[in-house]
1. Given 170, 249, 238, 196, which one is out of contact with any Phe, Trp or Tyr (no Cβ under 8 Å at 6 or more places or on another chain), surrounded by fewer than 16 Cβ atoms within 10 Å (Cβ to Cβ) and among the basic types (Lys, Arg)?
2. Any residue in the stretch 205-215 that is surrounded by fewer than 18 Cβ atoms within 10 Å (Cβ to Cβ), outside any loop (DSSP other than H, G, I, E, B) and within 28 Å of the chain's Cα centre (by Cα)?
3. Just to be sure, is residue 115 modelled with pLDDT of 90 or more and under 27 Å from the mean Cα position of the chain (by Cα)?
4. I'm trying to understand the selection: among the residues of the stretch 46-68, which are under 14 Å from the mean Cα position of the chain (by Cα), within 9 Å of the ligand (Cβ to nearest atom) and over 23 Å from residue 81 (Cβ atoms)?
5. Could you please tell me which pairs satisfy a Cβ distance under 8 Å, a separation of 6+ or placement on different chains, a first residue in the stretch 37-65 that is among the β-branched types (Val, Ile, Thr), and a second residue that is part of a loop (DSSP other than H, G, I, E, B) and more than 6 Å from the ligand (Cβ to nearest atom)?
6. Residue under question is residue 186, and the condition is that it be farther than 30 Å from residue 29 by Cα and assigned to a strand (DSSP E or B); does it hold?
7. Does residue 75 qualify as being within 16 Å of the ligand (Cβ to nearest atom), in contact with a Gly (Cβ under 6 Å, 6 or more places away or on another chain) and among the charged types (D, E, K, R)?
8. Every residue in the stretch 522-557 that is under 21 Å from residue 482 (Cα atoms) and either not in a helix (DSSP H, G or I) or not hydrophobic (A, V, I, L, M, F, W, C) (or both), please.
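The values are calculated or read from the model by the stated rules, or taken from the named source; none is laboratory data. A quick note: this is a predicted structure, and the numbers were derived from the prediction, not measured. Here the Cβ is made from the backbone with ideal geometry for all residues, glycine too, and neighbour counts use every protein chain on show.
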Amino acid sequence: MESFSDELLNEIKSRNDIVDVISQYVVLKRKGRNYFGLCPFHNEKSPSFSVSPDKQIFKCFGCNVGGDVFRFIMKIENVNFVESVQILAKRVGIEVKTNLTEKDEKIARLKEKVYALNKEAAEFYHRKLYEPTSKQAQEYIKKRKLDNNTLKSFLIGYSGNNNELYNYLKEKGFDEETMLASSLIGKNENGRMYDKFRNRLMIPIQDIRNRVIAFGGRVLDDSKPKYINSPENIVYSKGRNLFGLNVAKRNVNGILKRILIVEGYMDAISLYQRGITNVVASLGTALTDNQGRLLRRNAEQVILGYDADGAGQNAIMRGISILQSMGIDLRILQIYDAKDPDEFIIKYGPDRFKKCMDDAISVVEFKVKIYKQNLDLTNINDKIKFLNLIAKTLSEIDNEIERELYTDKIAKTYNISKEAIWAEVKKLTNKNTNKYNSSIVKPIELKSNNEEKVDEKTLRQEKMLIYLLANYPNESYKRISSVADVSLIKDKRNRQIISTIYEKYSENASSENLIDWFRDEDMANYISGILVEDYEINDVNKAINDLEKIYLREQKIAKRNELLKKLDNKEKLSQEELKEVENELNSVIIDLARMK
Ligand SMILES: [Zn+2]
């Protein structure tokens with residue numbers, strides 16, 4: 001296990017304020033002393049994820065994860081402790097020397113080389129687009145009406161007919177391993193290397209940090225397949241990125257107010273050029289959970305702009321099921337007289353397109369619209385069915401005001417009596433309430449750990465002890481450790497924590513990195529829970545005094561029990577020893593009586 005000095009970890013931590021770091025991933029709002037937001041680690045609709053600038057820790061009360069800034073990076077970037085230290089060090093320009101395992105180091109080096117190669121390739125293709133020999137590509141560009149600004153923004157390029165890229169990369173000094181790892185170059189049975197993308201319009205796919213991670217290649221004629229994309233490889237995984245997010249983010253500082261997601265990258269590029277700069281594409285796959293989280297981290301409102309055809313509708317339904325549970329303000333774009341957003345904006349211009357974005361409908365409205373499409377409302381049976389479906393959808397809305405608003409809107413749009421809808425909704429919601437009331441909510445049982453159950457009061461007292469040790473080491477450590485012996489701590493986990501704290505403090509370790517002493521994730525979550533709790537401490541000294549008294553007493557009680565045990569076996573004691581034990585017991589009992 002890699003170990004960093006306390007000084008280094010402190011330095012990195014003090015320069016990476018936890019609120020700044022987490023704000024890059026989560027929209028945080030200040031409430032009192034702390035910040036709150038939607039947890040990036042579980043799906044939720046109301047914020048239970050809190051960040052404390054005073055304590056420099058985060059904690060989610062929904063899924064219980066918590067920790068310091070290193071722990072956050074570990075979880076969100078899916079990296080180990082060493083890598084999280086590196087990421088944060090790099091963020092503030094601190095150099096960190098590490099000894100990764102040889103294998104990890106090799107992979108890290110190869111990744112860096114592939115990123116470098118991809119960048120070089122993107123620029124090569126881009127330059128090539130402007131060469132006289134690239135007539136066919138230039139004509140295609142003209143046909144799609146892409147202007148020079150757009151070509152530059154997205155680094156659009158052209159791959160030639162021969163092995164130009166391979167020759168170029170070889171000349172640039174890239175080795176065979178890197179070329180093959182990039183998926184841009186292949187190798188045939190005779191060991192000959194060749195360009196995989198030929199005679200295609202090349203669109204680099206960049207991640208949020210502007211690194212080229214893959215390419216999409218589109219044919220210039222009608223041959224098949226229309227698109228070839230890089231396969232997943234050492235630097236590219238499809239479901240974790242969104243095309244255009246880096247460009248969209250470049251236009252704003254921080255969080256986008258709203259973001260439009262479309263199906264293909266050519267759609268995204270076309271919309272961008274026509275003034276819709278907050279647009280991304282989901283890279284030819286159905287929307288994934290990871291992409292959903294990426295959207296949530298970067299925008300307040302998400303508009304699904306998938307095509308209106310049958311396949312598009314399925315994509316919308318899937319998008320809804322993923323994004324709705326994440327607490328995103330989700331809208332669905334409605335366009336008319338065009339098969340897709342690209343066609344619409346070319347036909348009607350950006351102003352009308354923006355109007356469509358403003359008018360994008362909610363999930364409830366979208367569902368009702370789909371019900372109507374599948375039913376014949378002149379038929380009385382269908383009409384009843386329609387009413388039932390509307391009521392069911394409305395009854396699923398938790399917020400009563402919202403429910404009323406939608407009821408109004410739907411009643412007007414479809415010319416149905418509001419009272420009729422309301423009556424149906426009431427039936428359903430009442431049923432739901434009864435069901436909820438009749439089920440008894442059982443408290444979650446704690447794991448027993450084969451130990452005696454520790455009562456609530458003792459648990460809280462021990463947690464407070466940890467809290468004081470963590471936050472006020474100078475005031476508390478000496479005084480508390482001299483009375484609160486580890487053997488007096490009743491709860492197993494608390495005992496383990498306190499024992500580690502004593503040990504570390506005795507070696508003069510700094511409390512700043514306390515959470516990092518515990519590499520076990522459950523343990524870190526547990527400790528963060530302790531650290532964010534409010535123990536209503538107004539006077540630290542008094543709190544320490546009180547605990548001191550409690551443990552002094554505990555110490556005496558333990559001593560008394562020990563002496564009583566000795567007396568149980570008094571036949572083993574000599575006359576002198578017996579006398580001594582009895583005297584000692586007497587004084588302990590007197591002490592205890594005084595303490596009351
Ligand atoms: Zn959570």
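1. Residue meeting the stated conditions: 170.
2. no
3. So residue 115 fits the description; yes.
4. Correct list: 48, 62.
5. Filtered contacts from the stretch 37-65: 51/28; 57/68.
6. Yes; evaluated as a whole, the condition is true for this residue.
7. For residue 75, the condition - within 16 Å of the ligand (Cβ to nearest atom), in contact with a Gly (Cβ under 6 Å, 6 or more places away or on another chain) and among the charged types (D, E, K, R) - is not met.
8. If the condition is that a residue be under 21 Å from residue 482 (Cα atoms) and either not in a helix (DSSP H, G or I) or not hydrophobic (A, V, I, L, M, F, W, C) (or both), then 539, 541, 542, 545, 546, 548, 549, 551, 553, 554, 555, 556 are the ones that fit.
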